[in-house]
Each structure stands twice: as structure tokens, then as C-alpha cells.
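What follows is a short report on a single structure.
The values are calculated or read from the model by the stated rules, or taken from the named source; none is laboratory data. Nothing here was measured: the structure is a model prediction, and the numbers come from that model. Every residue, glycine among them, receives a Cβ derived from its backbone with ideal geometry; neighbour counts consider all protein chains shown. When the accessible area is computed, the model is the full protein with side chains, heavy atoms only, and any ligands, DNA or RNA have been set aside. Shrake-Rupley method; radii C 1.70, N 1.55, O 1.52, S 1.80 Å.
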Amino acid sequence: MTDHEHSPTIVLNGEHHELSGAASALDLVSEVTGRELNPDGTPADGGRLGIALAVDGEVIRRGAWSDFTLSDGHTVDIVTAVQGG
């Protein structure tokens, strides 16, 4: 690894996570889920994603993920919907 300025670091679900350059919320969700996502946040494979994303305690609408740039110090929670009771 070369000596560049440090990559932005966020807290993702309680753990420190280094971002690779300028990352959108969409990039992060794609990385975490291992799925390719369309710009509107829907899975490219047409399936269901079943997650919600909050940054610093504020829920970010799926359609806004591609426009939401994550910054150093953000606290991000990705929550998976679970069926049942």
C-alpha cells in the first residue's frame, strides 16, 4: 500500500470500517451485501434487498443512497429485515 492521505473511516454497525476513497451509501451497501445495486438502490438481479440504512441516526431513503456521500466519522447502521415474531 502506498502512502496516501488516510482513507475515510466510518463506524459500521459498531465496528470501524475504512472506506475506499469517496464512497456513497450505495457503494457501501453493495460491498456489505455482496450484491450489485442499481442507482435507485434496487438489486440488479431483480431480487429483494430487505435492508435499511441509517447515517448518524437518520434513515436514508433507498433512492438517495447513490447521492449520499459517506464522510470520515459517520456512524452507519445497516439493518436487515427479518420475518417472524
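Brief remarks on what is shown
- One residue from Ser71, Ser66 being at pLDDT 95 or above and either open to solvent by 30 Å² or more (accessible area, probe 1.4 Å) or of a type in the set (Val, Ile, Thr) (or both): Ser66
- Filter pass, Thr33 being among the β-branched types (Val, Ile, Thr) and surrounded by 11 or more Cβ atoms within 10 Å (Cβ to Cβ): yes
- Among the residues making up region 47-63, those that are among the charged types (D, E, K, R) and open to solvent by 80 Å² or more (accessible area, probe 1.4 Å) are Arg48, Asp56, Glu58, Arg61.
- Of the residues making up region 13-56, those that are over 12 Å from the mean Cα position of the chain (by Cα), modelled with pLDDT of 95 or more and under 15 Å from Thr69 (Cβ atoms) are Pro39, Asp56.
- Taken as a whole, the condition of being out of contact with any Lys or Arg (no Cβ under 7 Å at 6 or more places or on another chain), free of Cβ contacts under 8 Å to residues at least 12 places away in the same chain, loosely packed, with under 15 Cβ neighbours inside 10 Å and hydrophobic (A, V, I, L, M, F, W, C) applies to Ala44.
- Applying a threshold of 9 Å to beta carbon distances and a minimum spacing of six or more residues, or different chains, the list of pairs starting in region 8-19 at a residue that is closer than 15 Å to Leu53 by Cα and assigned to a strand (DSSP E or B) and ending at one that is among the small types (Gly, Ala, Ser) and open to solvent by less than 40 Å² (accessible area, probe 1.4 Å) reads Ile10/Ala23.
- The residue that is surrounded by the fewest Cβ atoms within 10 Å (Cβ to Cβ), counting only those in region 74-85 that are over 10 Å from the mean Cα position of the chain (by Cα) and under 15 Å from Ala23 (Cβ atoms), is Thr75.
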